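Q: Before I ask anything, here is the structure I am working with.
Nothing in this text is a laboratory measurement; each read-out follows from the coordinates by a stated rule. Model, not experiment: these values are computed from the prediction. Neighbour counts run over all protein chains shown; Cβ positions are idealised from the backbone, glycine included.
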Amino acid sequence: MTSPKSREDWQRIKEILDEVLDVPEAERPARIAALCAGEEDLRREVESLASAAEGWTFLDRPDEEGGPPRFEIHGPPGRIGDRVGAYELLSELGQGGMGMVYLARRADDQFQKKVAIKLIRPGMASEFSLQRFRSERQISASLEHPNIARLLDGGATAHGMPYFVLEYVDGEPLTEYCDRRSLPIPERLRLFLEVCAAVMYAHQNLVVHRDIKPRNILVTPEGEPKLLDFGIAKLLQPDEGAEAAAETATLFRMMTPDYASPEQIRGERITTASDVYALGVVLYELLAGKKPYAVTGNTPGELLRVVCERDPEKPSVAARSRDQKSSRELRGDLDAIVGRAMRKEPKRRYSSVAEFADDIRHHLAGRPVLARRGTLAYRAGKFARRHRIALAAAAVAAIALAGGVLATLREARRARAAEANAQQRYDDLRKLASAFLFEFDDAIRDLPGSTPARALVVQRALQYLDDLSRAPEADHALRRELAEAYMKVGDVQGNSYMANLGDVPGALQSYSKAIALLEPLVQSGKADDDMQATLSRAYLTQGAIRLITGDAAASIALAEKGLDLSRRLAERNPGDPRRAFALATAWQYYAFDLSAAGRDAEAYEALKNQAAILRTRLADNPQDRDVRRSLNQNLYLVGEALQDLDPAGSQKAYAEAVAIGEALRVEDPASVLLRRDLAYLRTGMGGFYESRKDFAAAREQFQHALSLFESIAAADAKSVDGRVGIAISLHNIGNSRAGEGDSAGAVRDFEKARTFYEPLVTADPSNAWAEGALADLYLAIGQETEKMAKARFGASGEGSEAACALYSRAHDIFERMRVAAKLTAVRMKPSAEAAAAVARCRGSLPASSPAAR
Amino acid sequence: MAQPTEPDLTALLKEWSEGDRKALDQLMPFVYEELRKLAASYLREERPNHTLQPTALVNEAYLRLTGQKKVTWQNRAHFFGIAAQMMRRILVDHARKRQAAKRDASAWKVATTEVDGSDNAPELLALDRALEELEQLDPQQARVVELRFFAGLTVEETAEVAGISPRTVKRDWRTAKAWLAREIGA
């Protein structure tokens, strides 16, 4: 590569280059030869520049000649007349998510058969996806079906851009085709069924389309729909972890947001169910005449909110503005069918495209439709614990889908008291509240990754419940259901024992509302057993939340109230396992609160009571998971309580707990809850070893806990528990190193822990536990820092300024907590240590030093 | 350098919009400050999908300062012409810092998300270097690139600011791109 040596040289080269670039690529060599006659160096220079001009850089912007350029990395367009493989580009057909699509033909083809070529923009294709693309080509090429546009060929251009060659389909997008001919609904459905057949065929061949949308479904003039663009189709294979996630994230940036399924947006696994969803959206558009979501932005936050959390209008409602007749036709069966295909949770949709198509056929034949039958069965079945439920921001809309109750209620309210039948309104209210409870089933707590959706739900839910509780018809039964609903919302808000958002004050408020609804009735003796059971639970949980905010005394008082109620219930109903189990749980809460207050012996007694009940139950039902889980927690608490009282007993309890915990986890590996239990357990064991000064063994347990917490945090980035656990584990690991005398190592771990603690405290200042833990940490870092200074500088006190600064910080936090009466028993000792350390610092440092304020 | 105070700014803008090019010179410190602040806040947000558009920043700075008053397109072009140079400096400085920071990042710190694929720092620095080389060969051409790329001027506007014909602008831009593509790609 020679560079022009002088300005004059360059001016000449510029002029020649300019002329050469005016000429089509094919003719350039000749032109160059002519203009550079005889001058070899010049010719080579111009040639190299001319070919560089055909490349592309971030300076290029293909559409606007003369317009401003943009700093963006994108691929060059193919130009008309360019050769791509064995083909010649004829014209542009349109812009796809991955690149431009051209009309082309074989350069040597006498028959001039037309094909479509899709050029993939280089920035889009990582090495990983290029490999994937090559293997997919082989798969997709094998798809032969009258309603699928065949993939004919593929390759990469000289510039390294991958391309697909597809059968060219001359047709209109499905929605346009139907609209232009004003096709009636049955006709649209029949066309749609043909599309379903194509997708079914692909699924049978283990190919998921992943990008179904009307633009990818062209209908030929003969009325045949053809499915295009299996270009990002994927083999049904377990995901390869991080790579797959990154790739999906890249694809996410490219895909059409209007048709993307919730799992696609969240970057989760794409399966045939995702195609069902997309087909559902297409059907929606075909029937309703518009798209289900109005997505205005392209930011992940917006997409998440709209597609993953909001339910669209029913097709019949959406069509109302267009024409009344269609709207009536759509109500009922078709609404339900579309709704089922578009469920947020993949498992709740049709289990296959075949099932989807069948339901449409049933409707056309006037037979009962699965989509409607299934919902009723679901509502009736109380053992829906394993069902994963789709949470909509307006959870109420989900209920509406199940029974149209909301519509009734709204109308009832608008039509003033006079007309509406009071009884009817009351019935509606009850149905609503109980349906609401259903939708908030316990099963959601087990869902990793579902937390972002819940934030918005909580808001709406509370608004709704507040409305309901003001309703004059609210009687006992309704009040209990409302109380339960408030409690469930409170759980989502901030009960620290479940995946949560960390809104502790909100949780307290919700629980207070629940208690306020029930307490008066229970106290006046008007409450039935169920209501008392609910109130007992409310007391216990409220107590647990108060403990997090640092009020141990209040927590114990509440636990005692709850325990009292549960005990009386169990006594009145001796054979009832529900009441027995509830009592066992009450003992556990009580034990936990006592333990936090330092009353270990009493805690142990409470735990014994709990264990007795659990083991009785287990004798009859050895497989009962809930009981085993409770026993697991019980043994963990026993281990904690006995650490000083009976070390051998403590170790035995831990060991048994771990055994149960591991067994449970094997049976249900996805469960975040079980992972958490086990992580706490490991932590407890680590503490046990620590107290025996067996630091290596302690660290081993803490490392187990750390990886468990890391997996929890990974499963649900919004949840606080994972990060709290990581912070604690790192803190503990640091402690174990400190115990071994490895101060430098300890400080390293502590500093890591710090990066996790500090954001937690900033995000939720009411969380006394986190504050205290942070103070503890500062103290620990201070102590180890001081040791290191002593090791280096001896007893001179030199180098201890850093330590003193940390002691000050710790002391400040502890003092603040003490004044606000938030210091729990377990923080007493560190608080005293911090105070003493600060005093020492003030004594040994000159007055001008900042640490000696 | 003393910053013009608020009333002065308005007067200067008025003078400039009425054709007084010298007033623009006096406005420049303000412009620079504005650009720098905008660039800093824009570049601070490291979103994935983040495409860096210097022209957007210059536009915004322009609007903020002039408050969308009616200014002739020629005056606007001159404003942008000066802003282009500033923009280049600001971006290159930022890119240098980013390159340095990447080498420093300690492993265990919670890293800010590395914006994969759209981290423009290397390209920007390469462009700057190549432009400097081009300046040695043909200062006018380098200026054309600067105006088009960093200020996003159209062919007409570039011609106006550089005082050359649109035809020359087109030629210079096209051939410069070829040269830069080769230099940067190498």
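Q: Normalised by the number of residues in segment A:586-658, what is the relative contact order in percent for Cα pairs under 8 Å and 6+ residues apart?
A: Answer for segment A:586-658 is 28 percent.
Q: Please compute, for peptide A:41-52, the average count of beta-carbon atoms on other protein chains lying within 10 Å of each residue's beta-carbon.
A: Partner Cβ neighbours, averaged per residue: 2.
Q: If you take each beta carbon of peptide A:11-23 and count the beta carbons of other chains within 10 angstrom, what is the mean?
A: Partner Cβ neighbours, averaged per residue: 3.
Q: If you count, for each residue, the other Cβ atoms within 10 Å and average over each peptide, how do A:700-707, A:827-834 line up from highest to lowest?
A: In decreasing order of mean packing, A:700-707, A:827-834 become A:700-707, A:827-834.
Q: Quick check: net charge around A:A557, other residues with Cβ under 13 Å of its Cβ, Lys/Arg +1 and Asp/Glu -1?
A: Cβ neighbours under 13 Å give a net charge of -2.
Q: Neighbouring Cβ atoms within 10 Å as the yardstick, rank A:H811, A:H476 fewest first.
A: So the residues, fewest neighbours to most, are A:H476, A:H811.
Q: Give a quick list of GluC sites (Glu not before Pro) in segment A:7-48 that DSSP marks as loop, anything other than H, G, I, E or B, with at most 13 other Cβ atoms within 10 Å.
A: Sparse-neighbourhood loop GluC sites (Glu not before Pro): A:E39.
Q: Continuing with this model, one more query. On a 18 Å Cα-Cα criterion, which of the cross-link pairs A:K347/A:K488; A:K790/A:K829; A:K608/A:K829; A:K608/A:K693; A:K291/A:K344; A:K226/A:K290 come out too long?
A: With Cα atoms farther than 18 Å apart: A:K347/A:K488; A:K790/A:K829; A:K608/A:K829; A:K608/A:K693; A:K226/A:K290.
Q: Cα-Cα pairs above 25 Å in segment A:557-685: how many percent?
A: 23
Q: Next question, about the same structure. Cβ neighbours within 10 Å, averaged per peptide: list A:326-332, A:507-513 in order, most packed at the top.
A: Output ranking for A:326-332, A:507-513: A:507-513, A:326-332.
Q: Going by a ≥ b ≥ c, the root eigenvalues of the Cα gyration tensor, does segment A:655-727 fall in the rounded group (a/c under 1.5), the prolate group (a/b larger than b/c) or the oblate group?
A: oblate
Q: Can you figure out the FRET efficiency of B:E132 with A:R83, using R₀ = 41 Å and their beta-carbon distance, to the nearest 0.05?
A: Efficiency at R0 = 41 Å is approximately 0.65.
Q: Still on this structure, please answer the following. Find out how many positive minus negative residues lie around A:E571, taking Lys and Arg as positive, Asp and Glu as negative, among other residues whose Cβ is under 15 Å from that of A:E571.
A: Residues near A:E571 contribute +2 overall.
Q: What is the average number of partner chain Cβ atoms found within 10 Å of a Cβ in B:166-178?
A: 5
Q: Looking at the square roots a ≥ b ≥ c of the eigenvalues of the Cα gyration tensor of segment A:633-755, which shape do they give, rounded for a/c under 1.5, prolate if a/b is larger than b/c, or oblate?
A: It is oblate, given that a/c is not under 1.5 and a/b is not larger than b/c.
Q: Let me know the shape class of segment A:599-644, please: from the alpha-carbon gyration tensor, a ≥ b ≥ c as square roots of the eigenvalues, rounded when a/c is under 1.5, otherwise prolate if a/b is greater than b/c, or oblate.
A: prolate
Q: If amide hydrogens are placed 1.01 Å from N in the peptide plane, which non-local residues have theirs closer than 5 Å to the one on A:K226?
A: The list, which skips near neighbours in sequence, is A:L218, A:V219, A:T220.
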